[in-house]
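> Please find one structure pasted underneath; my questions will follow.
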Amino acid sequence: MFRQKGQIRAIVRNVYPCVENGKYAIKKVQGELVNVWANVLADGHDVIQASLQYRHVSEKKWTEVSARIVSEDRWHASFSVAKLGSYYYRFTGWVDYPLYWQYGISKKADGEVDIAVELMEGNEFLNFLLKKTKADEKKYVQQCLKAFANADDRDAAIKLAKSERLRALFLRYPNQPFVELSDSYRVQVEREKAVFSTWYEFFPRSSSAQANTHGTFSDCIKLLPRVAEFGFDTLCFPPVHPIGYTNRKGKNNTTTASADDVGSCWGIGSPEGGHKDIHPLLGTTKDFEMLIKEAKKLGIEIAMDFALQATPNHPWVQKHPDWFKQRPDSSIQFAENPTQKHQDIYAIYFETEDWEAMWVEFLNILFYWIRKGIKLFRVDNPHTKPFIFWEWIIAAVKEKYPEVLFLSEAFSRPKVMEELGKLGFSQSYTYYTWRNNKHELVEYVNELTTGIMSEIYRPVFWPNTPSVLPFALQNSSKHIYYTRYFMAATLSSNVGVYGPVYELMINEGINGKEEYLNSEKFEIGTWNWEERNSITHLYTVVNHTRKKVKALQRTNNITFLQIDNDQLLAYLKVGTDGSKVVCVVSLDGNHSQAAQLQLHPEQLGKNYHDAIELTDVLANTAYTWHGQSHFIQLHPDKPCHLFVIK
């Protein structure tokens, strides 16, 4: 009949962070703090106390930390997460009768009201302490009991009743006969790479130093020192599986392929195998494992593309025809969307009656490559597969391999991308690729780094991808390539770039489309892998600075600074270790731009008259600033400052 104990008077409301009433987890990495707030209140005027309880999924016992009130009825507490996997947390609140008794007796004693009965009431709370306290503390409690019983020395009793030492004991050993518990909420804890990573993507088949020669994993190993030199810690490949022959795409996505066309890497499946096999021209599975090991020696992790689709030649088509949608004329529906047709691949039919076996097969693909050494997957177009599937498969992987991470490659509607973040994707693609002016950039970064988005969505900023050459980069100058990577790598702690086309500033697109002309998606590229230029220098300086300066290893620690020029963007980032950087970018590739930057010394933890010592690592130049207004001038050939503050 009754919902709960009627004696519970405290209530807990509006716990934050909380995603969809606790349906989904917030995201953290090992070592981070989880800050939690809640409204805790009760009827009347009693003293209220609150605490935060948490435990790892492997633990049965809750650990409790005291909360503190931060505003009217709003409480805060935090805890640190050390283990991979799930943590649970909940807020508690209660009426603290001992503290209310102490508050009341203090007021009455100060008003010279007789407190004999109040002292008798206090005995109940002291007797409770006797059961909880340590030996030296018990002596003090017994001293209080004795004093309360001595009617001849009320002053001594009042002094003990009002004492801070007694208050401390009440706080240390709370008397909680009636406690209100909030619902439990979950934190998904991942490794550091989830929040700080520097991605570089290239096509393995374009890795050969010989023109028009199919690259191999051995060629890729030779390029690893180049990737490490530039400061990248994650090397991402398009699919490395056998490519189908039926309806193979030709150069520039033509529907007719010549005999020497290599097809699209995303056209997975041939007589040579499917998703658990390696394209024979790239090498063998053993060669791939060797690449993973050699990369690890240089501090580079290999990320694998997980693309759920199949060509007509994929083994699945013969073994599991019901995994693909049959049309009325008995043909199989190829993949398409409103703007593109993919005649070389079949879309997976997730409504098949054999869906359970299909899901298990997809999970086994991931397990297979995880056992080969892959711990990071870039998931191709997850927004075209059911949400419930991703929630299941990510949870299934993390239950067994909590160190595995997933990057969502979804350029879709905002709510779809947000939903994928909630479902468990560790990182996500973003609209940064299309945010160009100052207002757009500030608005978008603030959207990603505040509120619940900051708890469930980890953005990766890519200025380009194999599928996207944004109009802003087409036929553009060095300035735009320089500033777009600089901002990507300093606004976001997760950054990625598709090369070597980016550093070589390959900028010719298909007319009217945001796609590369002569795209490597459909042919082998021939590149000068030895070339070094201003963009590779930028990679090297910025990426290695990111590794050294913790302020650049988080995204949500950003503050945009006032600088009254719409062509100049300025922002401050502060690390948990106290490190600080100020970044200033000119968005104008044609003219010099100048303005006064407003940076108050107090924002840096300094007094107003303290000098601000800083070094621009891009120019290797030291500066000393005073006060809060600082003159900035940037030029098209030197469009950025990356100030590291001492």
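> If we restrict to alpha carbons, what Rg and Dmax does the range 205-341 come to, in Å?
16.9, 55
> Pairs of alpha-carbon atoms within less than 8 angstrom and 6+ residues apart define the contacts here; what relative contact order does the chain have, in percent? Could the numbers behind the result be given before it?
On the way: 1295 pairs, mean separation 68.6, N = 646.
Value for the chain: 11 percent.
> Continuing with this model, one more query. Considering every pair of different Cα atoms, what Kirkwood radius, in Å, is found for the range 575-646?
Computed over the range 575-646, the radius equals 13.0 Å.
> Output ³J(HN,Hα) for the range 441-447: one whole-Hz value per residue in order, computed from phi by the Karplus curve 6.51 cos²θ - 1.76 cosθ + 1.60 with θ = phi - 60°, and x for Gly and Pro.
5, 5, 4, 6, 5, 4, 4
> To the nearest µm²/s, what D does Stokes-Einstein give for the range 231-293 at 20 °C and 1.002 mPa s, using the Kirkwood radius over alpha carbon pairs as Rh?
Stokes-Einstein gives a translational diffusion coefficient of 166 µm²/s.
> Hey, another quick one. May I ask you to work out the translational diffusion coefficient for the chain at 25 °C, viscosity 0.890 mPa s, via Stokes-Einstein with Rh from the Kirkwood sum over Cα pairs, reported in whole µm²/s?
86
> Once you place label points 7 Å from the Cα toward the Cβ at Lys131 and Val57, how far apart are they in nm?
Label-label distance for Lys131 and Val57, simple model: 3.7 nm.
> Follow-up. Give the share of C-alpha pairs in each 10 angstrom bin for the range 145-202, from 0 to the last occupied bin, in whole percents, shortest bins first.
16, 20, 17, 14, 12, 11, 6, 3, 1
> Report, largest value first, the span of the C-alpha coordinates of the range 485-578 along each principal axis, in whole Å.
Principal extents (largest minus smallest coordinate, Cα): 47, 30, 21 Å.
> Measure of size requested: the Rg and Dmax of the range 410-452, with Cα atoms as the atom set and Å as the unit; please supply both.
Considering the range 410-452 through its Cα atoms, Rg and Dmax are 10.9, 31 Å.
> Related question: If you roll a 1.4 angstrom probe over the protein chains with everything in place, what fraction of the accessible area of the chain belongs to carbon and sulfur, to the nearest %?
50
> With every atom except the alpha carbons ignored, what do you get for Rg and Dmax of the range 424-515, in angstroms?
Final numbers for Rg and Dmax: 13.5, 40 Å.
> Taking 8 Å as the Cα distance limit and 6 or more residues as the minimum spacing, I'd like the relative contact order of the range 557-613 as a percentage. Walk me through the intermediate numbers first.
Numbers: 78 pairs, mean separation 17.5, N = 57.
Dividing the mean separation by the residue count of the range 557-613 yields 31 percent.
> Stick to the Cα atoms of the range 1-69, pair each with every other, and give me the Kirkwood hydrodynamic radius in Å at one decimal.
14.7 Å is the Kirkwood radius here.
> Next question, about the same structure. For the range 69-118, count the residues as N, evaluate 2.2 N^0.38 Å, and divide the Cα radius of gyration by that value, please.
1.93
> Quick one: Karplus J couplings for the range 569-581, per residue in order, coefficients 6.51, -1.76, 1.60, θ = phi - 60°, nearest Hz, x for Gly and Pro?
Result, ordered by residue: 10, 9, 8, 10, 10, 10, x, 5, 8, x, 5, 9, 9 Hz.
> Round to the nearest 10 and give me the degree value, 0 to 90, for the angle of helix 217-229's Cα axis relative to the longest principal axis of the chain.
Relative to the chain, helix 217-229 is tipped by roughly 50 degrees.
> Find me the longest stretch of the chain that has none of the exposed chymotrypsin sites (Phe, Trp or Tyr not before Pro), where exposed means in a DSSP loop (not H, G, I, E or B) with at most 11 other Cβ atoms within 10 Å. Don't skip to the end; give the middle numbers.
Values: sites that count: Phe2, Tyr608.
Result, exposed sites excluded: 3-607.
> So which lysines pass the test for Lys5, namely a Cα distance under 30 Å, with those fewer than 8 places away in the same chain ruled out?
Within reach: Lys23, Lys60, Lys61, Lys131, Lys132.
> In whole Å, what are the extents of the range 511-646 along the principal axes defined by its C-alpha atoms, from largest to smallest?
60, 33, 27
> Taking only the alpha-carbon atoms of the range 300-398, what semi-axes of the equivalent ellipsoid follow from 5 times the gyration tensor eigenvalues under a square root, in whole Å, largest first?
Over the Cα atoms of the range 300-398, the ellipsoid semi-axes are 25, 15, 13 Å.
> Something else about it: Probe of 1.4 angstrom, ligands and nucleic acids ignored: what's the accessible area per residue over the chain, in square angstrom?
I get 45 Å² per residue for this part.
> Could you pull out the trypsin sites (Lys or Arg not before Pro) across the range 1-60 that fall in loop regions by DSSP (anything but H, G, I, E, B) with no more than 15 other Cβ atoms inside 10 Å? Write out the running numbers ahead of the final one.
Details: sites: Arg3, Lys5, Arg9, Arg13, Lys23, Lys27, Lys28, Arg55, Lys60; in loops: Arg3, Lys5, Arg9, Lys23, Lys60.
Those that pass, being in a loop and sparsely packed, are Arg3, Lys5, Lys23, Lys60.
> Specify the angular offset, from 0 to 90 degrees and rounded to the nearest 10, of the alpha carbon long axis of helix 414-423 from the longest principal axis of the alpha carbons in the chain.
70
> In whole Hz and in residue order, list the ³J(HN,Hα) couplings for the range 398-407 that follow from phi through the Karplus curve 6.51 cos²θ - 1.76 cosθ + 1.60, θ = phi - 60°; x for Gly and Pro.
5, 4, 9, 10, x, 7, 6, 10, 10, 9
> How many percent of DSSP beta bridges within the chain run antiparallel, rounded to 5?
Of those bridges, close to 75 percent are antiparallel.
> Moving on to the next point. Students often get this wrong, so check it: of Lys438/Lys606; Lys249/Lys276; Lys573/Lys646; Lys296/Lys375; Lys341/Lys513, which have C-alpha atoms separated by over 18 Å?
Lys438/Lys606; Lys249/Lys276
> For helix 116-132, what angle does its Cα long axis make with the longest principal axis of the chain, in degrees from 0 to 90 and rounded to 10?
50
> Let me have the 222 nm mean residue ellipticity of the chain computed from DSSP H runs of 4+ only, each contributing -39500 (n - 2.57), with the sum over all residues rounded to the nearest 500.
On the way: 15 runs with 180 residues, N = 646.
Taken over the chain, the calculation gives -8500 deg cm²/dmol.
The values are calculated or read from the model by the stated rules, or taken from the named source; none is laboratory data. Here the structure is a predicted model, which is why all the values come from computation and not from measurement. All Cβ positions, even for glycine, are placed from backbone atoms using ideal geometry, and neighbour counts span all protein chains on display. Calculation scope for accessible area: heavy atoms of the full protein, side chains included, ligands and nucleic acids excluded. Shrake-Rupley method; radii C 1.70, N 1.55, O 1.52, S 1.80 Å.
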